[in-house]
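Notes for the one structure printed next.
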Amino acid sequence: YMAVAYAKDEIDSVLDTTIVFASSSDEGVSFGTSTIAASLDQNNQGHIAGIALNNHTAGLNTVHVAYTSGVNTPGPVNLIYASSTDNGGSFVATTVDTGLEGAYGPMAFGTNGEASLAIDDFGRPGISYHKISAITAGVPDCPPACVMSASVMYGLQNTSTLAWATSTVDNFSANLTLPGSDVNTAMDFYSEDAPLVAYLPYDGTYVAKLG
């Protein structure tokens, strides 16, 4: 069983993005597709943040997908999690966090490499991601020159209530013109439910923190 999620840009009367799930049960010879979310704003907001699979039993897989969604500039970018228990036939979506870019829209945040999704031994999804809380200088010419406050965040879903609990892994305040200004994150669970979050902060130093 193979699966992939991707963002498909639609060029029609309105530029928008569709989040698509594709899976194959014949080693990639053929794929079936389904829509996770449609008509998302194309301005840096319909992006895949992560995909994971678990519960490979009875021919069914639980599919976990994270992506961004929001409104046009200026406006917040939201981190969305969607799951499917029927091999991607249908998805249920919940919001992990909102306002990933403060009030400045999608000019500095992109989830390519910045968010990471993993599943613990109890089947609960966890995610690490980058969130901008404020841009304090350089506006409206930011980027390429701006000073901002940001955080690496961690979220875990309660699979009974579907609510997300989020916490701060680390905080930063830096000039976005520095090399390596993107905060790339990666996470996994090193025991049943203990998260390990690794990330690359603005100064280029690799950091890992245990939950």
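The values are calculated or read from the model by the stated rules, or taken from the named source; none is laboratory data. These numbers were taken from a predicted model, which means no experiment stands behind them. Cβ: placed from backbone, ideal geometry, glycine included. Neighbour counts: every protein chain shown. Just the protein is used for accessible areas: all its heavy atoms, side chains included, with ligands, DNA and RNA removed. Shrake-Rupley method; radii C 1.70, N 1.55, O 1.52, S 1.80 Å.
Below are the figures for this structure:
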read-out: Residue that is modelled with the lowest pLDDT [pool: residues in the stretch 83-96 that are in contact with a Ser or Thr (Cβ under 7 Å, 6 or more places away or on another chain) and open to solvent by 20 Å² or more (accessible area, probe 1.4 Å)]; value: ASN87
read-out: Qualifying residue in the stretch 136-149 (condition: modelled with pLDDT of 60 or more, under 15 Å from SER116 (Cα atoms) and surrounded by 12 or more Cβ atoms within 10 Å (Cβ to Cβ)); value: no
read-out: Filter result for the condition that a residue is of a type in the set (A, V, I, L, M, F, W, C), modelled with pLDDT of 80 or more and surrounded by 20 or more Cβ atoms within 10 Å (Cβ to Cβ), over ALA5, ALA49, ALA37; value: ALA5
read-out: Residue tally, condition at pLDDT 90 or above, open to solvent by 70 Å² or more (accessible area, probe 1.4 Å) and of a type outside the set (Ser, Thr, Tyr), over the stretch 158-174; value: 2
read-out: Options ASN78, ASN112, ASN55: the member that is open to solvent by 70 Å² or more (accessible area, probe 1.4 Å), under 18 Å from the mean Cα position of the chain (by Cα), modelled with pLDDT under 85 and under 24 Å from GLN157 (Cα atoms); value: ASN112
